[in-house]
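The values are calculated or read from the model by the stated rules, or taken from the named source; none is laboratory data. Predicted model, so just to flag it, every value in this text is computed and none were measured. Cβ sites come from the backbone with ideal geometry, for glycine too, and all protein chains shown count toward neighbours. Only protein heavy atoms, including side chains, enter the accessible area calculation; ligands, DNA and RNA are left aside. Shrake-Rupley method; radii C 1.70, N 1.55, O 1.52, S 1.80 Å.
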Amino acid sequence: MTSDEDQRILRDIFLAQNDACWCMDFARPIDLTVPDQEIIRQVFENDPFWRLTNPAMARLYRLDPSERFEDRHPSEIFPRSPQNEAYVMNLIANGFSVDAAPAIDRRYDGTEIYVENDARAHIRDGKMLRMFGVVRNVDKHRLREEQIQAVLDSQVDILSVLPIGVLATGKGDVIELVNRVAERLLNLSMQDAIGQTVDALFEGAGPLAGAMHDVRTHGHKRSLTFMGLSWSIAPRMEAGVVAVLQNLAEREAVA
């Protein structure tokens with residue numbers, strides 16, 4: 001097989017990829033011996049241009065089918081911005097060899113898109129000649145994460161307005177949530193409580209820690225009085241417990 005045949009085969013494989021593949025050259029090679037901020041400036045200003053892209057790039061960035069990707073300037077989809085400067089800083093810190101590096105690009109229809117790049121570079125004598133890699137659209141994943149976070153935030157809001165105290169722990173009795181009523185009853189803030197163990201946070205917490213251990217181990221509910229409060233403790237589905245706290249006087253008044 002000749003060298004020309006090898007190149008044709010490799011090009012056909014490249015063009016057939018469903019993942020968006022790219023290669024960006026610089027008319028003026030990037031000097032990697034200078035401070036990081038100067039490297040960042042050069043990446044955006046040293047006349048970058050698309051050396052090679054595949055059709056998946058045009059589909060991802062919604063380029064008009066009548067145009068060639070290589071005829072457009074990289075800054076149209078990869079503008080200089082605080083987020084993309086941070087992306088380049090990440091490349092610098094990892095020797096221009098990274099996987100799943102996050103960036104915010106701009107499609108040709110003007111919409112922004114969250115992407116991840118697997119990026120590499122050709123470097124010679126302290127100069128970066130080009131970068132190349134694969135870019136993936138992670139908008140759907142990010143949207144899903146935002147939806148999950150919105151649900152979690154909503155749940156925290158609901159817990160915050162409950163008229164009873166709620167304290168939740170995870171593995172090792174590490175506190176993961178304290179609502180506002182529990183903050184008042186325990187005379188502490190959520191910021192001080194999160195990440196602390198029950199033993200570390202409460203003096204003489206042996207009976208409480210023991211009850212929590214019993215609930216985790218046997219999977220049944222327990223009630224006890226601790227710090228002048230009524231504690232009703234139940235197991236969580238995976239790890240830890242949820243405790244409902246009430247002032248004894250308030251509980252008796254309700255009863």
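Loop only by DSSP, 11 or fewer other Cβ within 10 Å of the Cβ. Give me the GluC sites (Glu not before Pro) in the range 172-216 that pass, ordered by residue number.
Values: sites: GLU176, GLU183, GLU203; in loops: GLU203.
Those satisfying the criteria are GLU203.
Please work out how much length the chain gains when fully extended from ALA86 to ASP109, using 0.36 nm per residue of separation minus the C-alpha to C-alpha distance, in nm with one decimal.
Numbers: separation 23, 0.36 × 23 = 8.28 nm, distance 2.40 nm.
Once the chain is fully extended between ALA86 and ASP109, it gains 5.9 nm.
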Report task. Can you tell me the relative contact order of the chain? Whole percent, Cα pairs under 8 Å, sequence separation 6 or more. Result -> 13 percent
**Report entry** Cα long-axis angle, helix 36-45 against the chain (0 to 90 degrees, to the nearest 10)
**Finding:** 50 degrees
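Note the full-extension length gain between HIS122 and ASP47 as 0.36 nm times their separation in residues minus their Cα-Cα distance, in nm to one decimal. Walk me through the numbers before you get to the answer.
Values: separation 75, 0.36 × 75 = 27.00 nm, distance 1.64 nm.
Fully extending the segment from HIS122 to ASP47 adds 25.4 nm.
What Kirkwood radius, in Å to one decimal, follows from the Cα pairs of the range 63-121?
The answer is 12.4 Å.
Distances longer than 36 Å among the Cα atoms of the chain: what percent of all pairs is that? Write out the running numbers ahead of the final one.
On the way: 14767 of 32385 pairs.
When all Cα pairs of the chain are counted, 46 percent exceed 36 Å.
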Query raised in the report: Given the Cα-Cα distance of ASP6 and ALA200 and 0.36 nm per residue of separation, how much length would full extension add, in nm?
Result: 63.3 nm
Report summary line: Taking a probe of 1.4 Å and leaving out DNA, RNA and ligands, the range 46-124 shows per residue an accessible area in Å² of 51 Å²
Query - Using alpha-carbon coordinates, inclination of helix 139-161 to the longest axis of the chain, degrees - result: 20 degrees
Query raised in the report: Of GLN191, GLY126, LEU91, whose Cα points farthest to the positive end of the dipole of the chain (charges on the beta-carbon: +1 Lys, Arg; -1 Asp, Glu; origin at the Cα centre)?
Result: GLN191
Report task. Using the Karplus curve 6.51 cos²θ - 1.76 cosθ + 1.60 with θ = phi - 60°, work out ³J(HN,Hα) for each residue of the range 185-199 in order, rounded to whole Hz, and write x for Gly and Pro. Result -> 5, 9, 6, 8, 9, 4, 4, 6, 8, 4, x, 8, 7, 4, 4
**Report entry** Per-residue HN-Hα couplings for the range 63-70 [Karplus 6.51, -1.76, 1.60; θ = phi - 60°; Hz; x = Gly/Pro]
**Finding:** 7, 4, x, 7, 10, 9, 4, 5
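Report the charge-dipole magnitude of the chain in Debye, nearest 20, computed about the Cα centre from +1 at each Lys and Arg Cβ and -1 at each Asp and Glu Cβ. Present the calculation step by step, with values, prior to reporting the outcome.
Numbers: 28 positive and 39 negative charges, 89 e Å.
With only Lys, Arg, Asp and Glu charged at Cβ, the dipole is about 420 debye.
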**Report entry** Label-point separation, ALA239 to VAL34 (7 Å along Cα→Cβ), nm
**Finding:** 4.8 nm
Report summary line: Two pseudo-spin positions, 7 Å from Cα along C-beta at SER97 and at HIS213, lie apart in nanometres by 4.9 nm
Query raised in the report: For the chain, with the dipole built from +1 on Lys and Arg beta-carbon atoms and -1 on Asp and Glu ones, taken about the Cα centre, which of GLN7, MET227, ILE39 lies farthest toward the positive end?
Result: MET227
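Pop out the carbon and sulfur fraction of the accessible area of the range 46-112 as a percent, whole number, probe 1.4 Å. Can you show the working numbers first?
On the way: 1690 of 3440 Å².
So the carbon and sulfur contribution to the accessible surface is 49 percent.
With each run of n ≥ 4 DSSP H residues scored as -39500 (n - 2.57), what mean residue ellipticity at 222 nm is computed for the chain after dividing by its residue count and rounding to the nearest 500 deg cm²/dmol? Before the final figure, lay out the partial values.
Working: 10 runs with 100 residues, N = 255.
It comes out at -11500 deg cm²/dmol, rounded to the nearest 500.
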Query raised in the report: What is the log10 of I(q)/I(0) for the range 19-60, computed with the Debye formula using one identical point scatterer on each Cα and no solvent, at q = 0.14, 0.29, 0.34 Å⁻¹?
Result: -0.41, -0.90, -1.06
